[in-house]
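Asks: Just dropping this structure here.
The values are calculated or read from the model by the stated rules, or taken from the named source; none is laboratory data. Just so you know, these numbers come straight off a predicted model, no measurement behind them. For neighbour counting, all protein chains shown are included, and Cβ atoms are generated from backbone atoms with ideal geometry for every residue, glycine included.
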Amino acid sequence: MASGSSALDSLEELDSPTDSGSDYEATMKGTKRRKPAVSKQPPKRTRHNAALKGMSSPSGSSVPTPPGPSPQSVSQGTSMQLSARSVRSMNEESQIISAKDIYDAVCSGKSAMVTVVDEWLDSYKRSQEAGLLVLINFIVQSCGCKGVVTRKMFDSMQNAEIISTLTKEFNEDSVNYPLCTPGPQLKRFKAGLCEFARVLVRSCRNSLVYDEYLFPSLLALLTGLSDSQVRAFRHTSTLLAIKLMTGLVEVAVVVSVQLQTTQQQYNTENSKRAHDRASDRLEELQATVKELRENREELSSMMNATFRGVFVHRYRDQLPEIRGVCIEELGLWLKMDPEDFLNDGCLKYLGWTMHDKERILSMVMDKDPDVAVEVVNLLLLIQQRTDEGLDEEECGHIYPLVYASHRGLASAAGGFLYSKLKSVITSHSQENDKANNAAFFQILISLFIQSEFHEHGAYLVDSLWHVAGSELRDWETMTTFLLQDDELMYEEEGVLIELMMCAIRQAAQATPPVGRTQGKKNLSMKDKKIQEQDKRRITTHFIPLLPQLLAKYSADAKNVKLLLKAPLYFDLEMYSSAQWLEKHLDLLLSQVCGIVEKHTEVAVLEACAHLVSALSSDCYTFSSRAQMAFSQLFDVLTECFSTYVNDLLQGIADDDDTYSGATALKRIAALSSAKDPTAWKLFDSCLELLKSRMESRELDKELMVPAMKCVAFHLMWAKVNVVNSKPTEAELKRLKKEVRSFCRVCQDCLSLNQIDIRDQAFELLCDLLLLYSVGSVRSKPALQALAHLPSDSLRSELAAFLLDYIFTDTEDVELHGILTPTEKSEDEEEMKIRLLQKKRNQLAGYCKLVIYGVLDLTAATDVFKHYNKYFKDFGDIIKETLSKSKLINPVQSAKTVCLSLQQLFSEMLTEHHSRQDLTEIRDLAKRLAMSFGIDLHRVRKPLVALHMDGIRFAFRDPQEGEEPNPNVAFLEILSEFSFKLLQPDRAQLAEFLKSACPSAALSWPPVKLYQRSLEARATSKATEQEGDDEVPSHDMPVVKRRRTTAQGSASTTRGSWLDNSSIQSSLHTPALTSTVQKQPAKRIASRKPRPVESDISSTLTEPESEDEFSPGLQMRKVKLNKRRLASSSKNTPSPRQQDLNSHLNLLSLIEDDISERDEDEIEDYHSDSDTGYTLPSTRHTSLSVLDELFD
């Protein structure tokens, strides 16, 4: 630009700005502001750079005296003859826009800002002082200050004195001010304020910006406010001043262009010969050039003063919002006017801001993931475009983020890692792409091993997928590494196999791993096409090579377990597409059978079972070949077991025979989850084996657990077969007898000290009771004879199991029982998580017995009683059970809630009476009350029934030896439900209370407290006792439950179970995912429950209280993790069997997609104590886990 040298002069001298962390004392001159005079002729405008030099001192300048009206703003005519006094009196009489009007327009964000500015400009043109005063008061109000600058203050006080007065009048009742008000109002106000500044400059760019009064006065005041110790003044004035300067920069750029154009026109005209020149044109151009130069110098002076007075002091302010505004606008100035700003004098401030690399590195762990993403992208630019870049220690802060749960941040970190890997590969100048890919995998394997984040390969692959997709799809390079000897170390081979399997899954499914969500859940047509192409390429490449890989790693349990998953991602139809591929299918089947005969590890056998289920599916034409191969394998295993079964039954088998029989039984149990074993008739021998072991008390878990599984699978497949056929009455009787016999054996096992046997018995009981429940055969009259109802003693044993082994804190005893000698050296925290997941599955199994009508709703009292104490571990399951119970029978559900509180209260009276125990029961009542939702009309009858039951319990007749009215204190607990009552119901219950209690009892404190809760407003909750809804500590006393008869069983006859409307659930019998193989790609939508008999005429759907329950599981952090795997099986895919399916997962939840949530959260990298950023957890952390457990 022509005048670029004059802009921002002497900025390079400001190398030592004032302290960024300090606030500035206002030291201003005390000169009086002179009155503006209106002359009869407009004076010639003079250069006024000197007048603006005072603005360089942050607060020391007074508002410049406005000169006479300029030619641009004052029209010629008789009005020029008016005196100053007459002009002032006329303006005061006229109505002008007020500061509040401008403030309201800015806050609303809906007004047209141009109109608002135009109205203010009209008032300013009528009276400069009055207009400027309105603008000043608008700024003061925008700061959140209640003070007002009066006309007297404006005329008699300098800026420093005005600011001092406003500071004293500042309202300090709240730390909030408009620019920091939380919520959408902040965004709207800030946008409106910035728009106002932009429109103001744009509207004044041709006239008032040069009037030597408005902008110098305004910028002088903002400069003083920006040095205030009051944060609201400093923040708001800095934002306005910086935005005004941005507007001035835009005007300056336009003026510079105009000046350059006019100067060229002048030079062109002046270069003509004398007789060709137009003298008038030349003089006009010369005058225009002079005026434009003055305008440019004037703008440069204001920009220079604002830069020195505001930016230089505030770019390192303590408040990050102020620093952000300064640096953001500096970037705009560099883009808009590089000739003036793209120099050392301005760039040094940008460099000083970014020189703190340690701070930038710490920001990769910012609590706002979007900020962290931008920081990683910035560091990538620094790494790529600077000579020094980042050293390895600094890069080490970014690498772990590839395991972050936030997918955007993980992808950004993956891009950084990929750039680093490619730079290393390029430095070695590989020959071709294959060599480069080989080097890529070698470096990636080394990094994965050193990162200490093993078993999270899926997260690493997902992070690199968008930048390294071509390398990760190089199946040829990976398989070449694996099939060649001496290419990789043993540990490196395991890592490459894991990464390869993760890449296969990513390509075939096109979904992120568990814990990472993608923005678009539905794939586009393009993505689906890519997914199909990837799947075909994977199938084509691995069909001939997979048998070779399985053969090489057949003895390695860890690696073969991963390789067996590969066919699950194949397009298996391709095996039938060509005859030459059938030999590869035979090789695969042969390898799978060999692996089953070679291994006894549960994880390997389960992987084989998954593959058996997939290859044997009737939807493939080659399924008969697979079924024949696995039938032959079953024959071999059955023959092996039969060799030792007689000796085992007679008790004469030695250790080797027992081991051989147990291993054969393990393999049979694993395959039974995927293939119907009923044809091999193993039920009798396995059941007799269990009975003999129970009688002799030779409790060998290695033998008994697989025997129990074999019997259970036999019964489950038998149920599938009778559903899909027309069995005779004799067959049904025999099957029911077998179910009854096995349930008795499992019931006996519930009291054993062997943890594995006891737990397996409980899980299988829950599966079988549900599969053979009344509800499962309700739609098939011919099969109703199969319905097996649990005996009273069995229901009592199941309830006691909850209290003895689930709702307990005896983790150390449990860990001692489940840890093997090799596992005792592992992380104990990981074992605790495995134990917790096992308990969660067992509790879910029991709750489903209640939900599906196998147990009466009153059996849920043993669950509801522990809602508060074990909320952290089981809160989501118990809450879902509460919700489902309301669908069955809302009134009965409410009575069950009341019954659970009554039982706790009675136990408190029986064992020890303390106020602390009563407070804990009240806390439980508060949480249970929140489960009734917010639709008070829908829960009227259930709540009234609950209150009436509670009142009856409080004033029941005392038993022999009891004091009168021992339960009256229960009314304190009952009062926690009163805030959900509607006003008519409160009056009804108040009358019922008076009729139920003795007249003398009305003065007792519990009765008065309950009465007050009924008298309270319907929308508020009684708060007689302070307390919040926090989860209580596990240190509270445990009320230990003795083994008693089942709840509600004493007066219930066996026949009444079939007709009891309170237990007939409308929910359909679920598929058995603890014992049935789940299809990996198909899901059967669960049907909505139909309404059942209820005391409420409206629908039973009830909104839940979202604020009462955290949406995710509480995660614990461990360094390593193991996946808990158990046996699984698959239903025969017949239409009748699909009618039984509602995808309600039972107990074990052992499929890979579910077991992934068992993986523990890896440790976080924290930059400070405030950082709440988490690295990935492979466990579900959303409500989807409840879908897996219940729907």
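Asks: Only residues that are buried (at least 16 other Cβ atoms within 10 Å of the Cβ) and either of a type in the set (S, T, N, Q) or not assigned by TED's automatic domain parsing to the domain that holds Leu166 (or both): list them for segment 112-149, please.
Replies: Ser123, Ser127, Gln128, Asn137, Gln141, Ser142
Asks: Name every residue in segment 373-402 that is in contact with a Gly (Cβ under 9 Å, 6 or more places away or on another chain) and either small (Gly, Ala, Ser) or outside any helix (DSSP H, G or I) (or both), in order of residue number.
Replies: Within segment 373-402, none qualify.
Asks: Within segment 967-986, can you find the residues that are touching a residue at least 24 places away in the same chain (Cβ under 8 Å) and either of a type in the set (Ser, Thr, Tyr) or more than 17 Å from Ser900 (Cα to Cα) (or both)? Let's see the steps before the verdict.
Replies: Within segment 967-986, the first condition is being touching a residue at least 24 places away in the same chain (Cβ under 8 Å), and the residues that meet it are 967-983, 985-986.
Ser975, Ser978, Phe979, Lys980, Leu981, Leu982, Gln983, Asp985, Arg986 - these are the residues of segment 967-986 that are touching a residue at least 24 places away in the same chain (Cβ under 8 Å) and either of a type in the set (Ser, Thr, Tyr) or more than 17 Å from Ser900 (Cα to Cα) (or both).
Asks: Answer yes or no: is there a residue in segment 159-172 that is farther than 18 Å from Leu225 by Cα and modelled with pLDDT of 90 or more. Even if it seems obvious, please write down each step before you answer.
Replies: So the first thing to find is which residues in segment 159-172 are farther than 18 Å from Leu225 by Cα, and the list is none.
No: segment 159-172 contains no residue that is farther than 18 Å from Leu225 by Cα and modelled with pLDDT of 90 or more.
Asks: Now for a different question. For Asp957, state whether it is of a type in the set (D, E, K, R), assigned by TED's automatic domain parsing to the domain that holds Gly875 and crowded, with 18+ Cβ neighbours inside 10 Å.
Replies: Working: of a type in the set (D, E, K, R): yes; assigned by TED's automatic domain parsing to the domain that holds Gly875: yes; crowded, with 18+ Cβ neighbours inside 10 Å: no.
Criteria not met by Asp957.
Asks: Tell me which of these Phe196 doesn't satisfy, since it passes every other one: (1) at pLDDT 90 or above; (2) crowded, with 18+ Cβ neighbours inside 10 Å; (3) over 41 Å from the mean Cα position of the chain (by Cα).
Replies: Evaluating Phe196 over (1) at pLDDT 90 or above; (2) crowded, with 18+ Cβ neighbours inside 10 Å; (3) over 41 Å from the mean Cα position of the chain (by Cα) leaves (3) as the failure.
Asks: State which residue pairs qualify: first residue buried (at least 17 other Cβ atoms within 10 Å of the Cβ) and inside segment 699-727, second residue acidic (Asp, Glu) in any location, beta carbons under 6 Å apart, and separation of 6 or more residues or different chains.
Replies: Filtered contacts from segment 699-727: Val705/Asp756; Trp717/Asp676.
Asks: Kindly indicate which of Glu492, Glu532 is within 19 Å of Asn437 (Cα to Cα) and of a type outside the set (Gly, Ala, Ser).
Replies: Among Glu492, Glu532, only Glu492 is within 19 Å of Asn437 (Cα to Cα) and of a type outside the set (Gly, Ala, Ser).
Asks: From the list Val711, Val722, Val705, which residue is more than 22 Å from Asp759 (Cβ to Cβ) and β-branched (Val, Ile, Thr)?
Replies: Numbers: Val711 fails: more than 22 Å from Asp759 (Cβ to Cβ); Val705 fails: more than 22 Å from Asp759 (Cβ to Cβ).
Being more than 22 Å from Asp759 (Cβ to Cβ) and β-branched (Val, Ile, Thr) holds for just one of Val711, Val722, Val705, which is Val722.
Asks: Output the number of residues of segment 759-793 satisfying the condition of being farther than 14 Å from Tyr846 by Cβ and of a type outside the set (S, T, N, Q).
Replies: Adding up the residues that qualify gives 16.
Asks: For the structure I just gave you, tell me whether Leu381 is at pLDDT 90 or above, closer than 30 Å to Gly515 by Cβ, surrounded by fewer than 16 Cβ atoms within 10 Å (Cβ to Cβ) and not polar (S, T, N, Q).
Replies: Details: at pLDDT 90 or above: yes; closer than 30 Å to Gly515 by Cβ: yes; surrounded by fewer than 16 Cβ atoms within 10 Å (Cβ to Cβ): yes; not polar (S, T, N, Q): yes.
Answer is yes for this residue.
Asks: Kindly check whether there is at least one residue in segment 409-419 that is closer than 21 Å to Phe481 by Cβ, of a type in the set (A, V, I, L, M) and assigned by TED's automatic domain parsing to the domain that holds Met363. Break it down into steps so the answer makes sense when it comes.
Replies: In the first step, residues of segment 409-419 are kept if they are closer than 21 Å to Phe481 by Cβ; the result is 417-418.
Cutting the leftovers down to of a type in the set (A, V, I, L, M) gives us 417.
Remaining after also requiring assigned by TED's automatic domain parsing to the domain that holds Met363: 417.
Checked against the condition, which is being closer than 21 Å to Phe481 by Cβ, of a type in the set (A, V, I, L, M) and assigned by TED's automatic domain parsing to the domain that holds Met363, segment 409-419 yields at least one hit.
Asks: I need the full set of residues from segment 225-248 which are farther than 21 Å from Glu298 by Cβ, small (Gly, Ala, Ser) and in a helix (DSSP H, G or I), in order please. Don't jump to the end; show me each part of the working.
Replies: Residues of segment 225-248 that are farther than 21 Å from Glu298 by Cβ, as a first pass: 225-239.
Now drop any that are not small (Gly, Ala, Ser), which leaves 226, 228, 232, 237.
Result: Ser226, Ala232, Ser237.
Asks: Give the residue, chosen from Asp368, Asp387, that is modelled with pLDDT under 90, within 19 Å of the chain's Cα centre (by Cα) and surrounded by fewer than 21 Cβ atoms within 10 Å (Cβ to Cβ). Write out each step before concluding.
Replies: Values: Asp387 fails: within 19 Å of the chain's Cα centre (by Cα).
Exactly one of Asp368, Asp387 is modelled with pLDDT under 90, within 19 Å of the chain's Cα centre (by Cα) and surrounded by fewer than 21 Cβ atoms within 10 Å (Cβ to Cβ), namely Asp368.
Asks: Filter segment 306-348 down to the residues that are β-branched (Val, Ile, Thr) and touching a residue at least 60 places away in the same chain (Cβ under 8 Å) and list them by number. Before you say what the answer is, go through the steps one by one.
Replies: At the first step, the residues of segment 306-348 found to be β-branched (Val, Ile, Thr) are 306, 310, 312, 322, 325, 327.
Residues satisfying the conditions are Thr306, Val310, Val312, Ile322, Val325.
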